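Asks: Before we start, here is the structure in question, set down as structure tokens.
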Amino acid sequence: MTSVLRVENLRISFRQDGQTLPAVKGVSFEVGKGETVALVGESGSGKSVTALSTVRLLGEAAQVEGSVRYDGRELIGAPDAVLRGVRGNDISFIFQEPMTSLNPLHTLQKQLEESLQLHQGLRGEAAKARIVELLDKVGIRDAAERLNDFPHQFSGGQRQRIMIAMALANQPELLIADEPTTALDVTIQAQIIDLLAELKRSEGLSMLFISHDLALVRRIADRVCVMKDGEIVEQGPAAEVFAAPQHPYTKKLLAAQP
Ligand code: ADP
Ligand code: MG
């Protein structure tokens with residue numbers, strides 16, 4: 001399988017009060033084309049910083065070493081312009097909190113127009129048609145009639161759908177979803193997971209899916225990487241990891257599931 005993202009011996013530490021604190025200690029994994037790989041583990045295990053570091057979103061305090069290859073291109077140490085290109089054209093993110101990512105003062109149309117203009121130079125009627133198409137795709141009903149609505153007029157689940165539409169605006173190859181349903185009710189969580197699974201099929205999206213929730217991971221992942229204290233303690237095909245976990249920590253996580 002062709003690999004879209006290949007992370008090798010990734011190490012991340014943070015400089016704080018004259019000390020260097022390690023957060024990720026030599027992590028390696030791959031996301032194949034069209035594949036959904038889950039990073040799973042408890043809070044603080046290093047999932048988010050691993051994801052953010054791939055396209056250099058961690059800021060000055062972070063020291064990042066190792067190798068991150070996107071479509072064969074090394075990103076660690078690459079010029080800023082290369083990273084901007086990858087962030088703009090190839091890799092999109094969605095996060096836990098859709099409300100804080102949407103501008104409360106902008107209509108739906110304006111939020112999406114900004115994504116589209118930035119990425120594709122679309123304007124006017126062409127932009128509007130594409131916006132309705134994107135919103136349709138993520139299951140916002142009557143999208144054409146809702147373009148002048150503001151974020152607070154949508155439910156939490158609908159706002160996350162809007163964020164997914166914005167993430168798809170640049171037709172990314174890889175979607176990194178960091179706890180995308182953690183802030184949502186359980187029934188809505190399942191709907192968003194089903195939407196992501198559907199997009200994987202219809203758009204051929206590759207996905208890095210981050211969650212502390214094994215039940216969600218089980219629904220969507222092809223492969224699973226179990227993280228603990230900044231290391232991947234076990235990884236493999238989802239069916240195998242769930243059916244026959246090898247590492248004591250994975251066994252413990254699975255036993256703790258309702
Ligand atoms: P997870 O997403 O698995 O809950 P994180 O990746 O957010 O965990 O964090 C991993 C570790 O890195 C934690 O110990 C956290 O405190 C530390 N960390 C994350 N971001 C920063 C930062 N900006 N500065 C210092 N330490 C950080
Ligand atoms: Mg996190």
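The values are calculated or read from the model by the stated rules, or taken from the named source; none is laboratory data. For clarity, every value in this text was computed on a predicted model and none was experimentally measured. All Cβ positions, even for glycine, are placed from backbone atoms using ideal geometry, and neighbour counts span all protein chains on display.
Asks: State yes or no: is R69 in a strand (DSSP E or B), more than 16 Å from ligand 1 (Cβ to nearest atom) and either touching a residue at least 12 places away in the same chain (Cβ under 8 Å) or touching a Leu at 6+ places or on another chain (Cβ under 7 Å) (or both)?
Replies: yes
Asks: Just to be sure I understand, how many residues within region 198-227 are in contact with a helix residue (DSSP H, G or I) (Cβ under 9 Å, 6 or more places away or on another chain), closer than 23 Å to Q171 by Cα and among the small types (G, A, S)?
Replies: 3
Asks: So, in region 93-113, exactly how many residues are modelled with pLDDT of 85 or more and either among the aliphatic types (A, V, I, L, M) or more than 16 Å from ligand 1 (Cβ to nearest atom) (or both)?
Replies: Within region 93-113, residues that are modelled with pLDDT of 85 or more and either among the aliphatic types (A, V, I, L, M) or more than 16 Å from ligand 1 (Cβ to nearest atom) (or both) number 13.
Asks: Going through V64, V4 one at a time, which residue ends up being within 23 Å of A238 (Cβ to Cβ) and at pLDDT 95 or above?
Replies: On the way: V64 fails: within 23 Å of A238 (Cβ to Cβ).
The match here is V4.
Asks: When region 208-225 is examined, which residues are found to be within 16 Å of ligand 2 (Cβ to nearest atom), within 15 Å of the chain's Cα centre (by Cα) and among the aliphatic types (A, V, I, L, M)?
Replies: Correct list: L208, I210, L216, V217.
Asks: Could you say which residue among A183, A169, A244, A256 is at pLDDT below 95, over 21 Å from the mean Cα position of the chain (by Cα) and not polar (S, T, N, Q)?
Replies: A256
Asks: Another question, then. Being within 16 Å of ligand 2 (Cβ to nearest atom) and not charged (D, E, K, R), is that true of even one residue in region 62-83?
Replies: Yes - at least one qualifying residue is present in region 62-83.
Asks: Determine which member of the set S45, S53, S28 is crowded, with 20+ Cβ neighbours inside 10 Å and either assigned to a loop (DSSP other than H, G, I, E, B) or more than 11 Å from ligand 1 (Cβ to nearest atom) (or both). Spell out the reasoning first.
Replies: Details: S53 fails: either assigned to a loop (DSSP other than H, G, I, E, B) or more than 11 Å from ligand 1 (Cβ to nearest atom) (or both); S28 fails: crowded, with 20+ Cβ neighbours inside 10 Å.
Step by step, each of S45, S53, S28 is checked, and only S45 is crowded, with 20+ Cβ neighbours inside 10 Å and either assigned to a loop (DSSP other than H, G, I, E, B) or more than 11 Å from ligand 1 (Cβ to nearest atom) (or both).
Asks: Could I ask something else about it? Select from region 34-51 the residues that are of a type in the set (S, T, N, Q) and within 17 Å of R223 (Cα to Cα) and write down the one among them that is farthest from ligand 2 (Cβ to nearest atom).
Replies: T36
Asks: If a residue counts only when it is surrounded by 19 or more Cβ atoms within 10 Å (Cβ to Cβ) and in contact (Cβ under 8 Å) with a residue 40 or more places away in the chain, which helices (runs of 4 or more DSSP H) contained entirely in region 80-181 have at least 2 such residues?
Replies: Once the helices (runs of 4 or more DSSP H) in region 80-181 are filtered for at least 2 residues that are surrounded by 19 or more Cβ atoms within 10 Å (Cβ to Cβ) and in contact (Cβ under 8 Å) with a residue 40 or more places away in the chain, what remains is 108-120, 156-168.
Asks: Here's another thing I want to ask about it. Mind listing whichever residues of region 82-130 are among the charged types (D, E, K, R) and under 20 Å from A51 (Cβ atoms)?
Replies: R84, R87, D90, E97
Asks: I need the strands (runs of 3 or more DSSP E) fully contained in region 205-258, keeping only those with at least 3 residues that are buried (at least 16 other Cβ atoms within 10 Å of the Cβ) and away from ligand 1 (no atom under 14 Å from the Cβ). Can you show your working first?
Replies: On the way: elements: 206-211, 223-228, 231-237.
Ranges flagged: 231-237.
Residue-by-condition table, conditions (1) under 30 Å from K110 (Cα atoms); (2) touching a strand residue (DSSP E or B) at 6+ places or on another chain (Cβ under 7 Å); (3) of a type in the set (A, V, I, L, M, F, W, C); (4) within 16 Å of ligand 2 (Cβ to nearest atom):
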{"site": "I188", "(1), (2), (3), (4)": "yes, no, yes, no"}
{"site": "D194", "(1), (2), (3), (4)": "yes, no, no, no"}
{"site": "R201", "(1), (2), (3), (4)": "yes, no, no, no"}
{"site": "S206", "(1), (2), (3), (4)": "yes, yes, no, no"}
{"site": "K228", "(1), (2), (3), (4)": "no, no, no, yes"}
